[in-house]
Each structure stands twice: as structure tokens, then as C-alpha cells.
Amino acid sequence: MIKLLLADDEPLVLVGLKSMLNWDEFGITICGSARNGEQALELIEKEKPDLVIADIKMPLKTGLEVMEECSKKYNPPPLFIILTSFEEREYLRKAITLSAIEYLIKVELTPESLTQAITKAVNIINEQNRNDKKPDSFADDTKLFYDKFFIRLLNNLFENEEQFLTQKEELGINLNFPYFRACYCEMTGIIDEKDLKGQLNVYNSSVQMVQETVSRLCPCFTVSLDLRHFALILCFDSVEKARNDAKPLIERTGAIIHNYFSVQLKAACGTITEKAFSIGNSFYAARSAFSKKSSEDSYIYCDSFMNENEKSGQIFDLSIYKTNLAKAFEELDTDALNDTISQISDCFEMKSTLEIQAMDSACMLLYMALSFLPDGEKLISEIFEDEQDGYRSLYRKHTTLEITQWLEKFRAGLCQKIQNEKQKYKSGLIIKIKQYIEANIDKKLSLNKTADIFGISTNYLGQQFIKYADCPFNEYVNRAKIEEAKKLLRQNELKVYEIADRLGFESSFYFSKVFKKQCGVSPKEWVDSVLEK
């Protein structure tokens with residue numbers, strides 16, 4: 001059962017919360033109730049609740065102070081849902097920086113709104129529990145795969161449509177819609193937060209609210225780019241909705257996040273595309289429109305349709321370098337990265353009037369590095385640690401010269417850091433693939449499909465696996481499956497053909513063949529020898 005603690009100085013509120021829902025239906029038990037912040041902290045220490053519903057203002061210690069102490073003392077801290085009054089809205093931003101997952105206004109509290117908040121909390125807790133059961137850090141890598149998938153999609157970095165479809169299916173991403181529009185979005189006001197953690201929490205909460213608000217009206221995906229920018233992919237079931245719904249949807253969402261977080265949303269909505277694989281073209285149109293909009297425009301919308309084979313108005317096309325860049329990032333090839341980024345930089349040094357295209361290209365290179373490199377955020381932050389805003393100092397550059405100087409620093413630092421850490425990064429890739437194999441031991445695992453999932457070439461994966469795992473990929477997979485088979489055989493609950501099917505072997509005959517090659521005996525003989533002992 002999920003343990004819930006209630007904290008509010010008003011007895012009627014506590015009674016109302018206890019009786020408003022049938023908590024058993026959510027798998028929740030109320031482990032205690034507190035009338036002030038000090039009592040709440042004592043009960044949190046004693047009961048170790050998974051979730052706390054707390055008033056934002058209480059005697060002795062406020063709900064914010066309780067959250068702050070928990071964030072320092074516990075790892076992870078309990079989840080918090082904050083109760084507020086209308087006049088306490090100024091505290092909401094602080095609550096968000098402390099990672100409150102939801103905030104409910106007392107006079108508007110209903111069983112429906114409370115149910116929505118509790119459902120959200122339960123889903124987060126269940127997901128955390130599932131992740132805790134996954135081997136090593138593979139749970140974290142699932143999100144990394146998700147992010148990398150969308151970064152590749154938005155920037156047309158898939159080698160072909162087959163690779164795109166393989167990754168989409170593996171990650172269970174539903175893009176089965178007839179029409180799409182991609183939006184490029186910027187949030188200002190976040191930088192007002194004094195510390196990086198505060199900026200990150202406000203950013204994440206704002207993006208989450210965008211996702212929740214938009215998804216009520218149409219299926220969508222949000223993709224974080226950096227602490228000011230994100231992409232929004234809108235999915236439509238009719239061309240009429242694709243044409244007419246984007247504008248009111250985005251403007252309404254902008255008003256909501258400004259109301260809650262004092263964040264100003266600016267966005268450009270790209271053209272309509274009829275293929276998920278071509279969402280990158282819509283995103284390019286959105287970025288191009290965004291870079292050309294006037295300072296007075298908060299929102300801009302591109303023409304309804306775009307020829308999938310053209311990118312209108314494009315002066316500099318970074319995609320012509322994408323093959324070299326993708327391969328260089330994949331293989332951590334510092335020579336290729338150095339040469340390709342230098343070529344891009346040289347193009348702008350010779351054309352000082354192309355500051356918009358220079359900024360666009362620098363941003364794309366930054367996104368790729370943050371997404372594709374192991375510890376990309378940490379690595380790029382170290383390169384620009386002497387800058388006031390770190391790598392985000394890019395957004396303060398206004399001339400082509402300033403942008404190319406930033407790009408040169410990025411290139412030199414990136415190549416140096418990768419060169420220093422290359423062997424660790426490559427061995428780290430194999431560790432992640434081993435974790436992937438362990439987490440998917442019940443599936444048919446091939447070298448080709450695994451390479452596609454990790455966004456690398458088959459030949460490169462094969463070479464690196466032999467080098468860092470001391471055996472070919474298929475041999476390692478078979479070894480892992482046979483070890484899992486032994487565990488199942490020891491339990492003596494499944495027949496040989498059932499185990500073969502559960503572990504993704506094409507037949508029980510082939511399973512027995514692989515087992516005998518690994519162990520020297522058949523599965524049945526192995527079980528008999530174990531039982532004798």
C-alpha cells in the first residue's frame with residue numbers, strides 16, 4: 001500500500017480530505033495527520049510516507065519549509081501535493097522549485113480535482129517502484145532512449161525510415177496519426193530563479209503543465225531542448241483540426257503557464273506534415289519562423305502545408321552535414337567532429353549577415369551534444385563553466401561573430417573532452433547495452449535491431465562489443481539467456497519448450513542446442529544433475 005500523510009492546521013480540512021475519496025481504491029493508506037509543520041516532520045521521520053498532502057502555510061513550519069527539509073534529508077523525499085488559498089499564489093513558484101507535483105486551491109477542491117492529483121501521484125510512485133526493480137541504471141536509460149529518439153526525429157537524424165520505425169516500436173511510442181505539426185517553444189522568466197535547481201524545477205513543471213494541458217485537447221509529445229526551449233509535437237486526426245486547432249491551443253496553454261509560474265511562452269508552429277518520419281521538416285519550419293519573428297510577436301504560425309522534399313526559405317541547411325555528424329557522435333570520432341564543426345563555422349565567418357542561421361546551427365549542434373553524448377549535460381557545462389550562464393550563454397550572442405566564437409569554444413572543448421574520455425565512454429556504451437540485454441532477456445535480440453535502438457551502426461556495435469565484452473554480441477546474448485534459463489529450470493515449474501518460448505528462442509530444439517553448447521548437457525540432463533545434488 002502507498003502511505004499518505006495529511007498536514008493542515010484546519011481540522012475540517014483534514015476531515016474533508018480523509019472522507020472525500022475511498023483511499024483503498026487507490027491502494028493508499030493514511031498513515032497519519034499533522035496540525036503543524038513540526039508535527040509533519042516528526043511523522044514523516046516515523047512513518048516514511050510515499051506521499052504528503054500539506055497546507056502551504058502552517059504554524060511552526062510552513063509546508064514549503066517541510067518540503068525543503070525533506071528534500072535535504074531524504075533521498076528520495078516523499079512526493080508533495082500542496083494545498084493553497086487564492087491569496088497564496090505567490091508561494092506556488094517556490095513550491096514548484098521544491099518539486100511539488102501538484103497544487104490544489106482549497107475553495108476549489110472537489111473529489112474530481114483531488115482524484116486527478118492523486119492519480120498523478122500514484123502513477124509517479126508506481127513508475128518509481130518499477131524502475132527500482134529494473135537492473136542497474138537501465139530505467140534511467142529508457143528515458144535517455146526516449147529523448148534521443150525525439151531529438152533524432154526533430155532534426156532528421158535517422159539514417160532511414162526503417163531505423164525510425166524500429167526505435168519507435170521498441171519504445172512503444174504511438175505516432176499513428178494522419179497529421180502532425182511541430183512547434184518550437186521558448187520560455188522566459190525561468191532565468192529569474194537564483195539557482196540551477198530552481199530553474200530546472202520551474203522549467204520541468206512548466207513543460208509538464210504544457211503536456212497535460214495540450215494532451216486534454218489533442219495527443220502530443222513535449223521534448224526538452226535546454227532550460228529555456230522545448231519542442232511540442234501535435235498529433236491530429238483530421239486536416240481541419242491540424243489547420244484550425246493549433247493556434248487557440250498554444251495561446252491558451254501560454255496563458256495558463258503564465259498564470260501559474262509567471263513564465264512567458266513564445267512559440268512558432270511549423271507546417272502540417274502527413275508522415276511522422278517527416279516531423280523534422282515541420283520542426284525546421286517552426287525554428288526558421290521563430291528566428292525571423294519580430295520581438296512583439298509571441299506566437300507565429302507557418303503556412304498549412306509544406307512540400308516534404310523542400311524546406312522553403314532555407315539559406316543554410318545543417319542537415320547536409322547530418323551523416324558526418326551522426327557518425328562522428330556515434331563513434332566519438334574527434335577528428336570528424338572537429339572537421340565538420342569547423343566547416344560549419346567557416347561558412348558563417350565568410351557570411352557575417354547570417355546570424356539567424358548561425359544561431360540555428362549552433363543550437364542544433366548543442367542539442368545533439370547534450371542528447372547523444374554520455375553525460376552530455378555535464379560535459380558541455382564543463383566546457384563553458386567560466387561563462388556566466390554556462391553553455392546557455394549562446395542565447396546572449398547577437399552577431400555572427402559572437403556565435404562563431406561560441407561555436408569555436410564548443411568545438412575545441414568538445415573534442416578535447418571526448419578525446420580524454422573516449423575509452424570510458426565506449427566501455428560505458430557496452431555496459432548500457434548489457435543492461436538493455438538483461439532488461440529484455442525475454443525478447444529476440446539481434447545485433448541489427450539493438451544497433452538501431454541505440455542509434456549506431458551494426459558494424460560499429462559489433463566491433464565495440466568484441467573489444468569491450470570479449471565476445472561477439474550473439475554469443476553474449478546466448479550466454480545471458482542460458483543463465484536466465486538455469487534460474488527457471490531450478491524452479492522446476494516450466495517445461496523446456498515453455499522456457500524456450502519465454503526467452504525468445506525460435507524453437508525448443510534451438511534452445512536445447514544452444515544450452516548444450518554452453519553447458520555440455522541438455523536442459524533435462526542439467527536439471528537431473530541439479531536435483532541429484
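The values are calculated or read from the model by the stated rules, or taken from the named source; none is laboratory data. Because the structure is a prediction, the values reported are computed rather than measured. Backbone-built Cβ (ideal geometry, glycine too); neighbour counts: all protein chains shown. All accessible areas refer to the heavy atoms of the entire protein, side chains included, with ligands and DNA or RNA removed. Shrake-Rupley method; radii C 1.70, N 1.55, O 1.52, S 1.80 Å.
Things to note:
- Restricting attention to the range 477-515, the residues that are open to solvent by 50 Å² or more (accessible area, probe 1.4 Å) and either within 17 Å of Ile437 (Cα to Cα) or in contact (Cβ under 8 Å) with a residue 40 or more places away in the chain (or both) add up to 8.
- Residues in the range 208-254 that are part of a strand (DSSP E or B) and either in contact (Cβ under 8 Å) with a residue 40 or more places away in the chain or more than 15 Å from the chain's Cα centre (by Cα) (or both): Phe221, Val223, Ser224, His229, Phe230, Ala231, Leu232, Ile233, Leu234, Cys235, Phe236.
- The set of residues in the range 380-391 that are assigned to a helix (DSSP H, G or I) and surrounded by fewer than 19 Cβ atoms within 10 Å (Cβ to Cβ) comprises Ser381, Glu382, Gly390.
- Selected residue (only one of Lys424, Lys449 is open to solvent by 60 Å² or more (accessible area, probe 1.4 Å), in a helix (DSSP H, G or I) and farther than 19 Å from Glu475 by Cβ): Lys424
- Filter result for the condition that a residue is in contact with a helix residue (DSSP H, G or I) (Cβ under 9 Å, 6 or more places away or on another chain), within 27 Å of Gly428 (Cα to Cα), aliphatic (A, V, I, L, M) and surrounded by fewer than 16 Cβ atoms within 10 Å (Cβ to Cβ), over Ala369, Ala412: Ala412
- Test: residue in the range 4-23 that is more than 14 Å from Leu83 (Cα to Cα), touching a strand residue (DSSP E or B) at 6+ places or on another chain (Cβ under 9 Å) and either crowded, with 19+ Cβ neighbours inside 10 Å or among the hydroxyl-bearing types (Ser, Thr, Tyr) (or both): yes
- Qualifying residue in the range 119-127 (condition: open to solvent by less than 30 Å² (accessible area, probe 1.4 Å), of a type outside the set (A, V, I, L, M) and at pLDDT 75 or above): no
- Selection within the range 436-457 - of a type in the set (Val, Ile, Thr) and at pLDDT 85 or above: Ile437, Ile441, Thr450
- Extreme residue, nearest to the chain's Cα centre (by Cα), among residues of the range 339-356 that are crowded, with 18+ Cβ neighbours inside 10 Å and in contact (Cβ under 8 Å) with a residue 60 or more places away in the chain: Ile341
- Among the candidates Ser298, Ser342, residue that is modelled with pLDDT of 75 or more, in contact with a strand residue (DSSP E or B) (Cβ under 8 Å, 6 or more places away or on another chain) and not basic (Lys, Arg): Ser298
- Counting the residues of the range 357-381 that are within 19 Å of Thr334 (Cβ to Cβ) and more than 22 Å from the chain's Cα centre (by Cα) gives 0.
- A count restricted to the range 259-307 and to residues that are in a strand (DSSP E or B) and open to solvent by 20 Å² or more (accessible area, probe 1.4 Å) stands at 6.
- For the range 31-46, the set of residues classified as over 32 Å from the mean Cα position of the chain (by Cα) and either touching a residue at least 40 places away in the same chain (Cβ under 8 Å) or surrounded by fewer than 17 Cβ atoms within 10 Å (Cβ to Cβ) (or both) consists of Glu38, Glu42, Lys46, listed by residue number.
- Residue within the range 157-165 that is farther than 25 Å from Lys275 by Cα, modelled with pLDDT under 80, over 13 Å from the mean Cα position of the chain (by Cα) and open to solvent by less than 50 Å² (accessible area, probe 1.4 Å) present: no
- Among the conditions (1) under 30 Å from Leu332 (Cβ atoms); (2) buried (at least 16 other Cβ atoms within 10 Å of the Cβ), the only one that Pro523 does not satisfy is (1).
- Against the list (1) among the aromatic types (Phe, Trp, Tyr); (2) in contact with a helix residue (DSSP H, G or I) (Cβ under 6 Å, 6 or more places away or on another chain); (3) within 20 Å of Leu366 (Cβ to Cβ), the condition Phe277 fails is (3).
- Given (1) closer than 25 Å to Ala285 by Cβ; (2) out of contact with any Leu (no Cβ under 6 Å at 6 or more places or on another chain); (3) assigned to a helix (DSSP H, G or I), index of the condition Phe348 fails: (2)
- Pairs linking a residue in the range 434-449 that is under 16 Å from Lys168 (Cα atoms) to a residue that is open to solvent by 30 Å² or more (accessible area, probe 1.4 Å) and assigned to a helix (DSSP H, G or I), with Cβ atoms under 6 Å and 6 or more positions apart or on different chains, are Asn448/Thr458.
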